[in-house]
Amino acid sequence: MRIALFITCFNDMMFPRTGRAVTELLERLGHTVEFPQGQTCCGQMHFNTGYRPETLPMVRRFSKVFAGYDAVVTPSGSCAGMVRDQHRVVAAQLGDAALTEAVERVVPTVYELSELLVDVLGVTDVGAHFPHRVTYHPTCHSLRMLRVGDRPLTLLRAVKGIDLVELPAAESCCGFGGTFALKNADVSNAMLADKMRHVLDTGAEYLCAGDNSCLTHIGGGLSRLRTGVGTMHLAEILASTEGSVR
């Protein structure tokens, strides 16, 4: 399968290792992964803060750059949700019929990583090895917009050597929410404190999630408290093999 990697601007700037992990994983499974050089932001930040007309060029660019692939994969439930749920809204509200057609062609090919692996490729055991105690946080967009359900957990349970422990109150938001953490810092920090307490209660060495934005928020709090708990994107655990150094 010819798969395009939509890295997202957040991962591209701050967590390029996640994109490399996605590529290594899919190539190990026998697929061709391409990185379209023309990709930019999906427009989520602009859309969520009310700048819908300013989102239009990004929607148009996305539908052009990612056209023609068998599948488009992104290691971000947040950005996958933006493309799948909101690109249609932008095109329709701004009355661009040609763009609406282009969006309708591309959107059905866009998948969050666990969706692609389980639903499209039919894989649950990717041959990973990760001998550590791990707990999983389901991020809000993956949980509520994409409804990925237990797909990430199914993949993690098949990882050799892993000690996967359930996160208490897992479905509660971590308090990040993009600009929410800036505009409502006190509430955000209170939500973060609850999430960190639950993570620490598991005794996990690593907190795993499908969005690096949430992992940055939670990981920052855990680091400031010097807990010793690390954070790792789902893709990086799934790309780990017995020969990997962790």
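Restricting to the stretch 150-163, and then to whatever is under 16 Å from Ala235 (Cβ atoms) and touching a residue at least 24 places away in the same chain (Cβ under 8 Å), can you tell me which residue is surrounded by the fewest Cβ atoms within 10 Å (Cβ to Cβ)?
The extreme case among them is Thr154.
Restrict the check to the stretch 230-239 and report whether at least one residue is touching a helix residue (DSSP H, G or I) at 6+ places or on another chain (Cβ under 8 Å) and at pLDDT below 95.
Of the residues in the stretch 230-239, the ones touching a helix residue (DSSP H, G or I) at 6+ places or on another chain (Cβ under 8 Å) are 230-239.
Next, only the ones that are at pLDDT below 95 stay: none.
No, the stretch 230-239 contains no residue that is touching a helix residue (DSSP H, G or I) at 6+ places or on another chain (Cβ under 8 Å) and at pLDDT below 95.
Looking only at the stretch 183-191, decide whether some residue is crowded, with 22+ Cβ neighbours inside 10 Å and of a type in the set (A, V, I, L, M, F, W, C).
Checked the stretch 183-191: no residue is crowded, with 22+ Cβ neighbours inside 10 Å and of a type in the set (A, V, I, L, M, F, W, C).
Would you call Arg147 in a loop (DSSP other than H, G, I, E, B), within 14 Å of the chain's Cα centre (by Cα), of a type outside the set (Ser, Thr, Tyr) and surrounded by fewer than 14 Cβ atoms within 10 Å (Cβ to Cβ)?
yes
Taking the stretch 117-133 on its own, how many of its residues are surrounded by fewer than 19 Cβ atoms within 10 Å (Cβ to Cβ) and touching a Phe, Trp or Tyr at 6+ places or on another chain (Cβ under 9 Å)?
The total comes to 4.
Being out of contact with any Leu (no Cβ under 8 Å at 6 or more places or on another chain) and among the β-branched types (Val, Ile, Thr) is the filter here; which residues of the stretch 38-71 pass it?
Residues satisfying the conditions are Thr40, Thr49, Thr55, Val65.
Of all residues in the stretch 165-182 being among the aliphatic types (A, V, I, L, M) and exposed (fewer than 13 other Cβ atoms within 10 Å of the Cβ), which is farthest from Met82 (Cα to Cα)?
Ala169
List, please: which pairs have Cβ atoms under 6 Å, are six or more places apart or on different chains, and start with a residue in the stretch 52-65 that is touching a residue at least 12 places away in the same chain (Cβ under 8 Å) and end with one that is open to solvent by less than 30 Å² (accessible area, probe 1.4 Å) and aromatic (Phe, Trp, Tyr)?
Thr55/Phe47
Has the stretch 134-144 got any residue that is open to solvent by 50 Å² or more (accessible area, probe 1.4 Å) and at pLDDT below 95?
yes
On the given criteria, is Arg197 surrounded by fewer than 22 Cβ atoms within 10 Å (Cβ to Cβ) and part of a helix (DSSP H, G or I)?
Details: surrounded by fewer than 22 Cβ atoms within 10 Å (Cβ to Cβ): yes; part of a helix (DSSP H, G or I): yes.
Yes.
Wholly within the stretch 8-116, which helices (runs of 4 or more DSSP H) include no fewer than the required count, namely at least 1 residues that are open to solvent by 70 Å² or more (accessible area, probe 1.4 Å)?
In the stretch 8-116, the matching helices (runs of 4 or more DSSP H) lie at 9-14, 16-28, 44-48, 52-65, 87-93, 97-106.
If you check Glu54 against the conditions, is it at pLDDT 95 or above and acidic (Asp, Glu)?
So Glu54 does not fit the description; no.
The values are calculated or read from the model by the stated rules, or taken from the named source; none is laboratory data. What you see is a predicted model; the values in this text were computed from it and never measured. All Cβ positions, even for glycine, are placed from backbone atoms using ideal geometry, and neighbour counts span all protein chains on display. These area figures cover heavy atoms from the full protein model, side chains too; ligands, DNA and RNA do not enter into them. Shrake-Rupley method; radii C 1.70, N 1.55, O 1.52, S 1.80 Å.
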